[in-house]
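The values are calculated or read from the model by the stated rules, or taken from the named source; none is laboratory data. This is a predicted model, so every value here is computed, not measured. Positions of Cβ are generated from backbone atoms using ideal geometry, with glycine treated the same way; all protein chains shown enter the neighbour counts.
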Amino acid sequence: MTLLLVARVLLVALVTAVACALPVLARPALPFGVRVPPAREDDPVVAGQRRVYARVVLALGVLAAVGAVLAPSRHEWWTAAVPLALLAADSVAYGTAHARIRAAKERGNWYEGTRQGVTADTSLRTDPVRLPWWWLAPAAAVTVATAVVGAVRYGDLESTFTTAFAPVFAQAAVVLLVPLTAAVVTRARPELDAARPASSARRYRVYLHGTVAALAATAACVTVTLLLLALRDWELWTSSRWTATLAYAPLAVAALIWLTLEAKVGQAGHRLPTVPDEDPTSPLVQRDDDRHWHIGGFVYANRTDPSIFVHQRAGGASWTMNLGHWAAWVVVGAVGVVVVVALAFGGGWR
(Lines give C-alpha, C1' and ligand atoms only; values in the text may rest on other atoms or scores of the structure.)
Protein backbone atom coordinates (compact mmCIF):
# COMPACT_ATOMS: atom_id res chain seq x y z
CA MET A 1 0.00 0.00 0.00
CA THR A 2 2.93 2.36 0.64
CA LEU A 3 4.14 1.92 -2.94
CA LEU A 4 0.63 2.67 -4.21
CA LEU A 5 0.59 5.88 -2.19
CA VAL A 6 4.00 6.89 -3.51
CA ALA A 7 2.83 6.17 -7.07
CA ARG A 8 -0.19 8.42 -6.59
CA VAL A 9 1.89 11.32 -5.28
CA LEU A 10 4.51 10.91 -8.03
CA LEU A 11 1.83 10.95 -10.73
CA VAL A 12 0.37 14.12 -9.25
CA ALA A 13 3.84 15.70 -9.16
CA LEU A 14 4.46 14.69 -12.77
CA VAL A 15 1.19 16.19 -14.03
CA THR A 16 1.87 19.39 -12.07
CA ALA A 17 5.42 19.65 -13.42
CA VAL A 18 4.25 19.21 -17.02
CA ALA A 19 1.48 21.79 -16.56
CA CYS A 20 3.95 24.31 -15.08
CA ALA A 21 6.41 23.69 -17.92
CA LEU A 22 4.00 24.28 -20.80
CA PRO A 23 4.05 28.11 -20.79
CA VAL A 24 7.76 28.15 -19.92
CA LEU A 25 8.77 25.97 -22.88
CA ALA A 26 6.76 27.97 -25.41
CA ARG A 27 8.33 30.85 -27.30
CA PRO A 28 7.78 34.35 -25.85
CA ALA A 29 5.72 35.28 -28.93
CA LEU A 30 3.25 32.46 -28.18
CA PRO A 31 2.10 32.88 -24.56
CA PHE A 32 -0.48 30.18 -23.87
CA GLY A 33 -0.76 29.49 -27.60
CA VAL A 34 -1.73 33.05 -28.57
CA ARG A 35 0.34 34.83 -31.24
CA VAL A 36 1.42 38.30 -30.05
CA PRO A 37 3.69 40.92 -31.64
CA PRO A 38 7.16 41.42 -30.09
CA ALA A 39 6.10 44.64 -28.36
CA ARG A 40 3.43 42.72 -26.44
CA GLU A 41 5.48 39.72 -25.28
CA ASP A 42 5.83 41.30 -21.81
CA ASP A 43 2.42 42.96 -21.75
CA PRO A 44 0.91 43.24 -18.24
CA VAL A 45 -1.95 40.96 -19.30
CA VAL A 46 0.49 38.25 -20.44
CA ALA A 47 2.65 38.57 -17.31
CA GLY A 48 -0.42 38.56 -15.10
CA GLN A 49 -1.84 35.41 -16.68
CA ARG A 50 1.52 33.67 -16.26
CA ARG A 51 1.47 34.44 -12.54
CA VAL A 52 -2.17 33.45 -12.08
CA TYR A 53 -1.74 30.23 -14.02
CA ALA A 54 1.37 29.22 -12.03
CA ARG A 55 -0.40 29.82 -8.73
CA VAL A 56 -3.53 27.94 -9.79
CA VAL A 57 -1.53 24.94 -11.06
CA LEU A 58 0.52 24.74 -7.87
CA ALA A 59 -2.60 25.04 -5.71
CA LEU A 60 -4.34 22.32 -7.71
CA GLY A 61 -1.24 20.13 -7.36
CA VAL A 62 -1.26 20.51 -3.59
CA LEU A 63 -4.98 19.70 -3.38
CA ALA A 64 -4.52 16.67 -5.63
CA ALA A 65 -1.59 15.42 -3.53
CA VAL A 66 -3.68 15.72 -0.38
CA GLY A 67 -6.52 13.89 -2.12
CA ALA A 68 -4.14 11.15 -3.22
CA VAL A 69 -2.87 10.68 0.33
CA LEU A 70 -6.29 10.71 1.96
CA ALA A 71 -7.96 8.51 -0.67
CA PRO A 72 -8.93 5.00 0.49
CA SER A 73 -5.92 2.79 -0.06
CA ARG A 74 -8.07 -0.19 -1.00
CA HIS A 75 -9.36 1.57 -4.13
CA GLU A 76 -6.58 1.29 -6.71
CA TRP A 77 -8.57 3.21 -9.32
CA TRP A 78 -7.83 6.37 -7.31
CA THR A 79 -4.23 6.09 -8.55
CA ALA A 80 -5.39 7.01 -12.04
CA ALA A 81 -8.47 9.04 -11.12
CA VAL A 82 -6.66 11.74 -9.15
CA PRO A 83 -4.02 12.56 -11.82
CA LEU A 84 -6.68 12.52 -14.55
CA ALA A 85 -8.86 14.93 -12.57
CA LEU A 86 -5.82 17.13 -11.99
CA LEU A 87 -5.00 17.05 -15.71
CA ALA A 88 -8.52 18.17 -16.53
CA ALA A 89 -8.36 21.02 -14.00
CA ASP A 90 -4.94 22.16 -15.28
CA SER A 91 -6.31 22.11 -18.84
CA VAL A 92 -9.14 24.42 -17.77
CA ALA A 93 -6.61 26.78 -16.18
CA TYR A 94 -4.52 26.79 -19.37
CA GLY A 95 -7.57 27.38 -21.55
CA THR A 96 -8.68 30.24 -19.30
CA ALA A 97 -5.28 31.96 -19.61
CA HIS A 98 -5.39 31.45 -23.38
CA ALA A 99 -8.88 32.95 -23.65
CA ARG A 100 -8.03 35.98 -21.51
CA ILE A 101 -4.86 36.84 -23.44
CA ARG A 102 -6.65 36.38 -26.74
CA ALA A 103 -9.53 38.58 -25.56
CA ALA A 104 -7.10 41.30 -24.45
CA LYS A 105 -5.30 41.06 -27.80
CA GLU A 106 -8.52 41.50 -29.75
CA ARG A 107 -9.84 44.21 -27.43
CA GLY A 108 -6.61 46.21 -27.62
CA ASN A 109 -6.04 45.48 -31.32
CA TRP A 110 -2.41 44.59 -30.61
CA TYR A 111 -1.53 44.19 -34.28
CA GLU A 112 -2.78 47.63 -35.26
CA GLY A 113 -0.13 49.57 -37.16
CA THR A 114 2.11 46.55 -37.74
CA ARG A 115 3.20 45.04 -41.05
CA GLN A 116 2.64 41.31 -40.93
CA GLY A 117 4.62 38.82 -42.99
CA VAL A 118 6.17 35.37 -43.21
CA THR A 119 9.61 34.15 -44.14
CA ALA A 120 10.93 30.94 -45.70
CA ASP A 121 14.28 29.16 -45.80
CA THR A 122 14.65 27.32 -49.11
CA SER A 123 17.90 25.72 -47.91
CA LEU A 124 15.82 23.46 -45.68
CA ARG A 125 14.66 21.86 -48.95
CA THR A 126 17.86 22.05 -51.00
CA ASP A 127 20.09 21.09 -48.06
CA PRO A 128 17.76 19.48 -45.50
CA VAL A 129 18.74 18.31 -42.04
CA ARG A 130 19.25 14.56 -42.24
CA LEU A 131 19.46 11.75 -39.72
CA PRO A 132 22.86 10.01 -40.11
CA TRP A 133 22.14 6.30 -40.38
CA TRP A 134 24.99 5.40 -38.02
CA TRP A 135 23.12 7.21 -35.22
CA LEU A 136 20.68 4.28 -35.28
CA ALA A 137 23.48 1.73 -34.83
CA PRO A 138 23.09 1.45 -31.00
CA ALA A 139 19.34 0.82 -31.23
CA ALA A 140 19.82 -1.66 -34.09
CA ALA A 141 22.58 -3.49 -32.20
CA VAL A 142 20.40 -3.86 -29.11
CA THR A 143 17.56 -5.17 -31.31
CA VAL A 144 19.82 -7.78 -32.91
CA ALA A 145 21.16 -8.82 -29.49
CA THR A 146 17.61 -9.23 -28.19
CA ALA A 147 16.68 -11.36 -31.20
CA VAL A 148 19.72 -13.61 -30.66
CA VAL A 149 18.93 -14.09 -26.97
CA GLY A 150 15.29 -14.78 -27.81
CA ALA A 151 16.25 -17.37 -30.43
CA VAL A 152 18.44 -19.19 -27.92
CA ARG A 153 15.79 -19.07 -25.23
CA TYR A 154 12.73 -19.78 -27.38
CA GLY A 155 12.94 -23.57 -27.16
CA ASP A 156 12.47 -23.48 -23.36
CA LEU A 157 9.49 -21.14 -23.40
CA GLU A 158 5.87 -22.23 -23.25
CA SER A 159 4.56 -19.49 -25.52
CA THR A 160 3.87 -18.84 -29.17
CA PHE A 161 6.46 -17.32 -31.46
CA THR A 162 4.53 -14.05 -31.71
CA THR A 163 4.22 -13.71 -27.94
CA ALA A 164 7.81 -14.68 -27.23
CA PHE A 165 9.31 -12.31 -29.78
CA ALA A 166 6.93 -9.39 -29.18
CA PRO A 167 9.77 -7.33 -27.59
CA VAL A 168 11.89 -7.81 -30.71
CA PHE A 169 9.02 -6.76 -32.96
CA ALA A 170 8.53 -3.66 -30.80
CA GLN A 171 12.23 -2.83 -31.00
CA ALA A 172 12.23 -3.21 -34.78
CA ALA A 173 9.21 -0.92 -35.00
CA VAL A 174 11.02 1.72 -32.92
CA VAL A 175 14.13 1.54 -35.11
CA LEU A 176 12.04 1.89 -38.27
CA LEU A 177 9.89 4.66 -36.81
CA VAL A 178 12.81 6.97 -35.97
CA PRO A 179 13.93 7.75 -39.55
CA LEU A 180 10.28 8.15 -40.58
CA THR A 181 9.68 10.60 -37.72
CA ALA A 182 12.92 12.45 -38.51
CA ALA A 183 11.86 12.80 -42.14
CA VAL A 184 8.49 14.21 -41.09
CA VAL A 185 9.79 16.78 -38.60
CA THR A 186 12.66 17.97 -40.79
CA ARG A 187 10.33 18.51 -43.74
CA ALA A 188 7.46 20.01 -41.77
CA ARG A 189 6.78 23.70 -42.20
CA PRO A 190 9.52 25.51 -40.23
CA GLU A 191 8.81 28.07 -37.53
CA LEU A 192 10.71 31.15 -38.69
CA ASP A 193 10.38 34.75 -37.54
CA ALA A 194 9.69 37.35 -40.21
CA ALA A 195 11.30 40.00 -38.01
CA ARG A 196 14.51 37.94 -37.66
CA PRO A 197 14.70 35.78 -40.81
CA ALA A 198 18.44 34.96 -40.81
CA SER A 199 18.87 34.25 -37.11
CA SER A 200 15.62 32.29 -36.79
CA ALA A 201 16.58 30.13 -39.80
CA ARG A 202 20.02 29.42 -38.33
CA ARG A 203 18.62 28.61 -34.90
CA TYR A 204 15.87 26.43 -36.35
CA ARG A 205 18.45 24.34 -38.21
CA VAL A 206 20.38 23.81 -34.95
CA TYR A 207 17.10 22.88 -33.29
CA LEU A 208 16.37 20.28 -35.97
CA HIS A 209 19.86 18.77 -35.59
CA GLY A 210 19.25 18.44 -31.85
CA THR A 211 15.82 16.94 -32.40
CA VAL A 212 16.97 14.17 -34.74
CA ALA A 213 19.88 13.38 -32.38
CA ALA A 214 17.42 13.15 -29.49
CA LEU A 215 15.19 10.85 -31.56
CA ALA A 216 18.11 8.47 -32.20
CA ALA A 217 19.12 8.51 -28.54
CA THR A 218 15.53 7.87 -27.48
CA ALA A 219 15.37 4.86 -29.81
CA ALA A 220 18.47 3.42 -28.11
CA CYS A 221 16.96 3.96 -24.66
CA VAL A 222 13.63 2.41 -25.60
CA THR A 223 15.27 -0.67 -27.12
CA VAL A 224 17.33 -1.18 -23.97
CA THR A 225 14.18 -1.04 -21.85
CA LEU A 226 12.49 -3.56 -24.15
CA LEU A 227 15.55 -5.83 -23.88
CA LEU A 228 15.42 -5.78 -20.09
CA LEU A 229 11.67 -6.45 -20.09
CA ALA A 230 12.24 -9.33 -22.51
CA LEU A 231 14.84 -10.85 -20.19
CA ARG A 232 12.23 -10.73 -17.45
CA ASP A 233 9.55 -12.35 -19.61
CA TRP A 234 12.02 -14.99 -20.80
CA GLU A 235 12.79 -15.78 -17.14
CA LEU A 236 16.44 -14.84 -17.49
CA TRP A 237 16.08 -12.03 -14.96
CA THR A 238 14.40 -12.24 -11.58
CA SER A 239 11.51 -9.83 -11.38
CA SER A 240 11.64 -7.46 -8.40
CA ARG A 241 11.11 -3.82 -7.58
CA TRP A 242 14.76 -3.01 -8.19
CA THR A 243 14.97 -4.80 -11.51
CA ALA A 244 11.74 -3.11 -12.63
CA THR A 245 13.24 0.26 -11.72
CA LEU A 246 16.40 -0.57 -13.64
CA ALA A 247 14.39 -1.69 -16.67
CA TYR A 248 12.63 1.67 -16.95
CA ALA A 249 15.69 3.77 -16.08
CA PRO A 250 16.66 4.19 -19.78
CA LEU A 251 13.33 5.92 -20.37
CA ALA A 252 14.26 8.43 -17.66
CA VAL A 253 17.53 9.00 -19.51
CA ALA A 254 15.57 9.68 -22.70
CA ALA A 255 13.36 12.19 -20.87
CA LEU A 256 16.48 13.90 -19.51
CA ILE A 257 17.87 14.20 -23.05
CA TRP A 258 14.73 15.97 -24.24
CA LEU A 259 14.66 18.24 -21.20
CA THR A 260 18.29 19.21 -21.84
CA LEU A 261 17.45 20.00 -25.46
CA GLU A 262 14.54 22.19 -24.38
CA ALA A 263 16.63 23.98 -21.74
CA LYS A 264 19.57 24.73 -24.02
CA VAL A 265 17.94 25.16 -27.44
CA GLY A 266 14.27 25.84 -26.77
CA GLN A 267 11.23 25.58 -29.00
CA ALA A 268 12.32 26.19 -32.61
CA GLY A 269 15.73 27.25 -31.23
CA HIS A 270 14.50 30.42 -29.54
CA ARG A 271 16.86 30.01 -26.55
CA LEU A 272 19.99 30.02 -28.70
CA PRO A 273 22.01 33.26 -28.64
CA THR A 274 21.76 35.70 -31.49
CA VAL A 275 24.70 36.90 -33.55
CA PRO A 276 25.25 40.69 -33.58
CA ASP A 277 24.12 42.33 -36.83
CA GLU A 278 22.92 38.96 -38.14
CA ASP A 279 19.56 40.40 -39.17
CA PRO A 280 18.96 43.74 -40.85
CA THR A 281 16.26 45.90 -39.30
CA SER A 282 12.92 44.53 -40.49
CA PRO A 283 9.59 46.38 -40.44
CA LEU A 284 7.71 43.06 -40.39
CA VAL A 285 6.20 41.09 -37.52
CA GLN A 286 5.16 37.47 -37.74
CA ARG A 287 1.73 37.06 -39.27
CA ASP A 288 -1.15 36.63 -36.85
CA ASP A 289 -2.68 33.22 -37.58
CA ASP A 290 -4.70 32.62 -34.41
CA ARG A 291 -7.86 31.97 -36.41
CA HIS A 292 -6.41 28.65 -37.57
CA TRP A 293 -5.54 27.43 -34.05
CA HIS A 294 -8.16 25.96 -31.74
CA ILE A 295 -8.56 24.41 -28.26
CA GLY A 296 -6.01 26.62 -26.57
CA GLY A 297 -3.61 26.53 -29.50
CA PHE A 298 -3.26 22.74 -29.59
CA VAL A 299 -5.28 22.00 -32.76
CA TYR A 300 -4.41 23.45 -36.17
CA ALA A 301 -6.81 23.46 -39.12
CA ASN A 302 -6.13 25.51 -42.24
CA ARG A 303 -7.48 24.36 -45.60
CA THR A 304 -5.32 26.84 -47.51
CA ASP A 305 -2.07 25.57 -45.95
CA PRO A 306 -0.49 22.76 -48.03
CA SER A 307 1.54 21.59 -45.03
CA ILE A 308 0.43 18.36 -43.38
CA PHE A 309 2.61 18.71 -40.29
CA VAL A 310 3.31 21.99 -38.50
CA HIS A 311 5.16 22.92 -35.36
CA GLN A 312 3.03 22.79 -32.23
CA ARG A 313 2.45 26.08 -30.43
CA ALA A 314 2.25 24.74 -26.90
CA GLY A 315 5.02 22.73 -25.28
CA GLY A 316 8.49 22.07 -26.60
CA ALA A 317 9.76 19.84 -29.41
CA SER A 318 6.42 18.72 -30.78
CA TRP A 319 4.53 18.78 -34.05
CA THR A 320 0.89 18.47 -34.92
CA MET A 321 -1.11 17.75 -38.05
CA ASN A 322 -3.01 20.27 -40.10
CA LEU A 323 -6.54 18.92 -39.75
CA GLY A 324 -7.59 21.12 -42.62
CA HIS A 325 -5.58 18.91 -44.98
CA TRP A 326 -7.25 15.74 -46.27
CA ALA A 327 -4.02 13.73 -45.92
CA ALA A 328 -4.01 14.36 -42.17
CA TRP A 329 -7.26 12.46 -41.85
CA VAL A 330 -5.80 9.58 -43.86
CA VAL A 331 -2.94 9.42 -41.34
CA VAL A 332 -5.39 9.56 -38.42
CA GLY A 333 -7.43 6.75 -39.93
CA ALA A 334 -4.34 4.60 -40.56
CA VAL A 335 -3.14 5.09 -36.99
CA GLY A 336 -6.60 4.19 -35.72
CA VAL A 337 -6.57 0.94 -37.71
CA VAL A 338 -3.12 0.05 -36.35
CA VAL A 339 -4.27 0.71 -32.78
CA VAL A 340 -7.38 -1.43 -33.20
CA VAL A 341 -5.36 -4.30 -34.69
CA ALA A 342 -2.75 -4.02 -31.93
CA LEU A 343 -5.42 -4.12 -29.22
CA ALA A 344 -7.17 -7.04 -30.88
CA PHE A 345 -4.12 -9.22 -31.50
CA GLY A 346 -1.43 -7.90 -29.17
CA GLY A 347 -2.89 -8.76 -25.80
CA GLY A 348 -0.61 -11.73 -25.29
CA TRP A 349 2.43 -9.65 -24.30
CA ARG A 350 2.44 -8.33 -20.78
*Can you spot a residue in region 212-230 that is under 30 Å from D277 (Cβ atoms), touching a Pro at 6+ places or on another chain (Cβ under 8 Å) and of a type outside the set (A, V, I, L, M, F, W, C)?*
no
*Among (1) surrounded by fewer than 13 Cβ atoms within 10 Å (Cβ to Cβ); (2) under 19 Å from L11 (Cα atoms); (3) at pLDDT 95 or above; (4) of a type outside the set (D, E) - the single one V56 does not satisfy*: (1)
*Do we find that A151 is hydrophobic (A, V, I, L, M, F, W, C) and touching a Gly at 6+ places or on another chain (Cβ under 7 Å) in this structure?*
no
*Provide a single number: the residues in region 155-189 that are of a type in the set (F, W, Y), assigned to a helix (DSSP H, G or I) and at pLDDT below 90.*
1
*Give the residues of region 109-158 that are in contact with a helix residue (DSSP H, G or I) (Cβ under 6 Å, 6 or more places away or on another chain) and under 30 Å from R287 (Cβ atoms), sorted by residue number.*
W110, T119, D121, P128, V129
*Restricting the search to region 293-341, which residues are in a helix (DSSP H, G or I), among the aromatic types (F, W, Y) and surrounded by 12 or more Cβ atoms within 10 Å (Cβ to Cβ)?*
W329
_Complete set of residues in region 8-63 that are in contact with a Lys or Arg (Cβ under 9 Å, 6 or more places away or on another chain) and closer than 15 Å to A89 by Cα_ = V52
*asked:* Quick check on my filter: what residues within region 96-154 are of a type in the set (V, I, T), in a loop (DSSP other than H, G, I, E, B) and free of Cβ contacts under 8 Å to residues at least 24 places away in the same chain?
replied: T122
*asked:* Out of L246, L251, L261, L256, I need the residue that is assigned to a helix (DSSP H, G or I) and either on the phi > 0 side of the Ramachandran plot or more than 23 Å from the chain's Cα centre (by Cα) (or both). Which one?
replied: L246
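Conditions (1) in the same structural domain as S318 (by TED's automatic domain parsing); (2) part of a helix (DSSP H, G or I); (3) acidic (D, E), marked per residue:
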position	(1), (2), (3)
E191	no, no, yes
S199	no, yes, no
T211	no, yes, no
L215	no, yes, no
V224	no, yes, no
W237	no, no, no
V275	no, no, no
